[in-house]
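Notes follow the structure.
Quick note: the coordinates plus some simple rules give every number you see, no bench work behind them. Nothing here was measured: the structure is a model prediction, and the numbers come from that model. Because the Cβ atoms are built from the backbone with ideal geometry, glycine has one as well, and the counts that use them run over all protein chains shown.
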Amino acid sequence: MAHDTELTQGRIAIPVWERYTLSVEEAAVYFRIGENKLRRIISENRDADFILWNGNRPQIKRKKFEQLIDHSSLV
């Protein structure tokens, strides 16, 4: 097992900066953007390539969203 992971309650804990997708709550903390703002961005861009839908729950594709932010001057 890699040194950056640990076993928590029978599941492997992957550091947030290594995850492919983030929940809205995790993305809010990681990107320092409010949850309500992220949910508004998601609702206005439901088919965007930085969103992966798990049923009705949006997951933020971390690297794709990083690229969006890198090319934006305002969020």
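Within segment 45-75, can you find the residues that are more than 25 Å from residue 14 (Cα to Cα) and in contact (Cβ under 8 Å) with a residue 24 or more places away in the chain?
The answer is 75, and nothing else.
Look at residue 42 and say whether it is in contact (Cβ under 8 Å) with a residue 12 or more places away in the chain, outside any helix (DSSP H, G or I) and surrounded by 11 or more Cβ atoms within 10 Å (Cβ to Cβ).
No: the conditions fail for residue 42.
Residue check, residue 59 against (1) surrounded by fewer than 17 Cβ atoms within 10 Å (Cβ to Cβ); (2) among the polar types (S, T, N, Q); (3) within 15 Å of residue 21 (Cα to Cα), all met but one. Which one?
For residue 59, the exception is condition (1).
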